[in-house]
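Shown next, in structure tokens, is the structure this report addresses.
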Amino acid sequence: MLELILFYTFGAIAVISGILVITRHNVVHSAAFLGATLFAVAGIFLTLHAEFVAGVQVIVYVGGILVLFVFVIMLIAVERSVHERQYNKQWTIALITSAILIVEIAYGLYRGRDSLVLPAVVPPAAAAAGGNSEQVGTALYTSYLLPFEIASILLLVAIVGAVVLSKKRTPAEE
Amino acid sequence: MNLATINIAAILPTLVLSVVGIVVMVAEPFVGEQKKSNLGWLAFAGTLAAMLSLVPMANNRGQWYSNLWIVDDYDVFLDFIFLLIAAITILTSMDFLRREELNHPEFYSLLLFATAGMLMMAASNELVMVFLGLEILSIATYVMAGFRRADLKSNESALKYFLLGSFSSAFFLYGIALIFGATGSTNLLAIADALRSSKIQISLVSLSAALILIALCFKVAVAPFHVWTPDVYEGAPTPVTGFMSVGPKAAGFAVLFRVFLTAFPSIEDRWGSAIWMVAALTMILGNVIAVVQPNIKRMLAYSSIAHAGYVAVAFAATSDRGVSAALFYLLAYSLMNLGAFAMVTIISRKEDKLVNVTDYAGLGSKRPGLAAVLSLFMLSLAGVPGTAGFAGKFFIFRAALESRLVWLAIIGVVTTVISFYYYLSVIVQMYMREPHDEFSDVRLCGSLKFALVISAAGTLYLGLLPTRVLDWTTTAALR
């Protein structure tokens, strides 16, 4: 019961602050609400016994991506953007089309509900095996050793690429 | 605990490429401005070493690293194609980078990493591994497409490729997530086993197969997922365009065949017709639109779409014969297309001047040698008997007929006839039009000559004596 209450609370927080992210005029406020959404989603993961994903959510999204957003906001003129008109002139058309899309998807899901039954929810066996994070760690360092190492090449390529594209231009390139 | 057994020999070519890539990158600051091309030769030596290390790899057949990594004939043959592509691309780019004053050796590192990604894709027995390889290949290619940083077209090319490529990666990930939800595994053989049992949600599996198909169709640029190709190919530096038109395409098809014929053969009735339509549409669109392209890079872009359509025909055959024909075609296509792009690199001037078909007017009288080689590549791309292109198309259409895909074979032959128009128009320009350029500043240095010799010799060899390679692809296709 408590889990259910927590789940819906986090869900409500996530949805409400998600709406606030796109309706606030001040980008700093938007960024703050985005943080709230991300934390709430981490909470939902926790209620689903996925501690590892919750931790990653906080570290990567709140710790990495949100901070990046705030840095970008710092670099642009916030005062001006508060007074500027938002780019949502065609919101009526957008509202109608999204409503149609929602009805379409809902109808499709309703009609296809018999064929899209997910396998029965397996009660989290992770706790018995020493917890979610431990299991991910064990898998990464044993059976998924090779992809784990290969991911380092992926990161290296991304770093080299970023440096190549952003390093100082040679005189010939100017 | 089941620790993955470590088998260095099974991943040796990938390892060699990655290490040489890092060495090139680290050595760069210590090498003088004049000697930077030597790093290109180092990278070239790296691809040769990786090719040699295919031998110990081929002696370690089987599944390794907790069944994530598979070594079989199919894998070895594709690795050979990938390494050949990398070697020729390096040879073509050395002079190009000097000419465009872009001599940053990181280019070679990125190319080697991209090739390592392709090898991973071909050897993966697991969707997560495929995704890692795909991302390594894609990210390296995005950067290479934007390598001319001061040029707006190159930036446009990189950005378009990056944005659409990210979308397709997301499709691929959704596909993996759904298949994991439906079968409880991302291992191709485990998925195939699970699909044979009856308790599976077939619609969920079909949905994930569709998502994976869309993502890979984007990577190999077949219609209707080809729209990005012309702009990206036109803006990228010419040797990179050559690489993009063969490398990611071959790797994408390698994964398509592996995933769909290993994991999803039991639901073939659900994806078979999709492949049929993709193949037909691609051949028609690619060949018809290529006819009206004045820019040779755009023309070759549409031609590469059309060729992907022919490989898709072999895929639609879903037989061992089809896979074997596709492997043969990928090798033939890589050689002739890289040769054609090497010629475009030679004729074009700094910052992509002289890349229209009409700029080739009179090349036959001014530079007869170059014109003859380019004619060979054009004839082979068109599929004239005696060239690699003819042999490849012949095997594909034979496989299609054996699988009773008569209409696809007919569309293939008709569109091939259409393709003669635009390939031959290049030859007409070279031999039957008055030159308005002396082609006097066309330089032909050693590395480019080497690249042309390899691709021309390969094109002729596959065209005249295809049996040995065909035997190899036949063993590679058996699973």
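Among all residues of the stretch B:125-138, there is none that is farther than 23 Å from B:Asp79 by Cα and among the charged types (D, E, K, R). Of all residues in the stretch B:57-65, none satisfies being within 14 Å of chain A (Cβ to nearest Cβ), over 29 Å from B:Phe328 (Cβ atoms), among the polar types (S, T, N, Q) and in contact (Cβ under 8 Å) with a residue 60 or more places away in the chain. Only one of the numbered conditions (1) crowded, with 23+ Cβ neighbours inside 10 Å; (2) within 14 Å of chain A (Cβ to nearest Cβ); (3) under 18 Å from B:Asn103 (Cα atoms) is not met by B:Thr92, and that is (2). In the stretch B:154-184, the residue that is farthest from the other protein chains (Cβ to nearest Cβ) out of those that are modelled with pLDDT under 90 and in contact with a helix residue (DSSP H, G or I) (Cβ under 6 Å, 6 or more places away or on another chain) is B:Thr183. Within the stretch B:114-152, if we keep just the residues that are β-branched (Val, Ile, Thr) and facing another protein chain (nearest Cβ under 8 Å), the residue that is farthest from the chain's Cα centre (by Cα) turns out to be B:Val128. Within the stretch B:184-231, the set of residues being among the charged types (D, E, K, R) and part of a helix (DSSP H, G or I) comprises B:Asp193, B:Arg196, B:Lys219, B:Asp231. B:Val23 meets the conditions (1) surrounded by fewer than 18 Cβ atoms within 10 Å (Cβ to Cβ); (2) of a type outside the set (Gly, Ala, Ser); (3) in contact with a Leu (Cβ under 8 Å, 6 or more places away or on another chain); (4) within 12 Å of chain A (Cβ to nearest Cβ) in every case but one. The failed one is (4). Exactly one residue out of B:Leu39, B:Leu83 is at pLDDT 95 or above, more than 13 Å from every other protein chain (Cβ to nearest Cβ) and either under 30 Å from B:Thr473 (Cα atoms) or more than 21 Å from the chain's Cα centre (by Cα) (or both): that is B:Leu83. Of all the residues that make up the stretch B:410-453, how many are closer than 16 Å to B:Met94 by Cα, of a type outside the set (Phe, Trp, Tyr) and touching a residue at least 24 places away in the same chain (Cβ under 8 Å)? Selection size over the stretch B:410-453: 8.
Yes/no per residue for (1) in contact with a helix residue (DSSP H, G or I) (Cβ under 6 Å, 6 or more places away or on another chain); (2) surrounded by 13 or more Cβ atoms within 10 Å (Cβ to Cβ); (3) within 12 Å of chain B (Cβ to nearest Cβ); (4) at pLDDT 90 or above:
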| position | (1), (2), (3), (4) |
| --- | --- |
| A:Gly131 | no, yes, no, no |
| A:Ala139 | no, yes, yes, no |
| A:Leu145 | no, yes, yes, no |
| A:Ile150 | yes, yes, yes, yes |
| A:Ile153 | yes, yes, yes, yes |
| A:Leu156 | no, yes, yes, yes |
| A:Ile159 | no, no, yes, yes |
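Checking B:Tyr423 against (1) closer than 30 Å to B:Leu281 by Cα; (2) among the hydroxyl-bearing types (Ser, Thr, Tyr); (3) surrounded by fewer than 21 Cβ atoms within 10 Å (Cβ to Cβ), which test does it fail? For B:Tyr423, the exception is condition (3). Against the test of being farther than 26 Å from B:Gly446 by Cα, assigned to a helix (DSSP H, G or I), in contact with a Ser or Thr (Cβ under 9 Å, 6 or more places away or on another chain) and not small (Gly, Ala, Ser), the options B:Leu17, B:Leu12 yield a single qualifying residue, B:Leu12. Exactly one residue among B:Val413, B:Val373 is within 30 Å of B:Val278 (Cβ to Cβ) and of a type in the set (Val, Ile, Thr), and that residue is B:Val413. Within the stretch B:384-404, how many residues turn out to be touching a residue at least 60 places away in the same chain (Cβ under 8 Å) and assigned to a helix (DSSP H, G or I)? Residues flagged as touching a residue at least 60 places away in the same chain (Cβ under 8 Å) and assigned to a helix (DSSP H, G or I) within the stretch B:384-404 amount to 13. Within the stretch B:426-479, count every residue that is assigned to a helix (DSSP H, G or I), touching a helix residue (DSSP H, G or I) at 6+ places or on another chain (Cβ under 6 Å) and not hydrophobic (A, V, I, L, M, F, W, C). Summing the residues that are assigned to a helix (DSSP H, G or I), touching a helix residue (DSSP H, G or I) at 6+ places or on another chain (Cβ under 6 Å) and not hydrophobic (A, V, I, L, M, F, W, C) in the stretch B:426-479 gives 10. Just one of the numbered conditions (1) over 30 Å from B:Thr345 (Cβ atoms); (2) at pLDDT 95 or above; (3) not aliphatic (A, V, I, L, M) is not true of B:Phe264: (2). Here B:Ile70 passes the criteria (1) buried (at least 21 other Cβ atoms within 10 Å of the Cβ); (2) part of a helix (DSSP H, G or I) except the one numbered (2). If we keep just the residues of the stretch B:211-251 that are among the aliphatic types (A, V, I, L, M) and within 14 Å of chain A (Cβ to nearest Cβ), which is farthest from the chain's Cα centre (by Cα)? Going through the qualifying residues, I end up with B:Ala236. In this structure, A:Gln135 does satisfy being touching a helix residue (DSSP H, G or I) at 6+ places or on another chain (Cβ under 9 Å) and either more than 12 Å from chain B (Cβ to nearest Cβ) or at pLDDT below 90 (or both).
In the stretch B:168-205, of all residues being surrounded by fewer than 19 Cβ atoms within 10 Å (Cβ to Cβ) and either in contact with a Cys (Cβ under 9 Å, 6 or more places away or on another chain) or among the hydroxyl-bearing types (Ser, Thr, Tyr) (or both), the one that is farthest from B:Leu137 (Cα to Cα) corresponds to B:Ser198. Looking at the structure I just gave you, is B:Ser273 touching a residue at least 60 places away in the same chain (Cβ under 8 Å) and polar (S, T, N, Q)? So B:Ser273 does not fit the description; no. If you go through the stretch A:161-174 and keep only what is assigned to a helix (DSSP H, G or I), modelled with pLDDT under 85 and more than 8 Å from every other protein chain (Cβ to nearest Cβ), you end up with just A:Pro171. Within the stretch B:144-167, residues that are under 18 Å from A:Lys167 (Cβ atoms) and basic (Lys, Arg) sit with their Cβ atoms under 6 Å from residues that are modelled with pLDDT of 90 or more and buried (at least 16 other Cβ atoms within 10 Å of the Cβ), at 6+ positions apart or across chains, in these pairs: B:Arg148/B:Ser154; B:Arg148/B:Pro237. Among the residues of the stretch A:38-58, is there at least one that is at pLDDT 90 or above and over 24 Å from A:Gly131 (Cβ atoms)? Scanning the stretch A:38-58, I find no residue that is at pLDDT 90 or above and over 24 Å from A:Gly131 (Cβ atoms), so the answer is no.
The values are calculated or read from the model by the stated rules, or taken from the named source; none is laboratory data. The structure presented is a predicted model; accordingly, all values stated were derived computationally and were not measured. Counting neighbours? That spans all protein chains shown, and the Cβs are built from the backbone with ideal geometry, glycine included.
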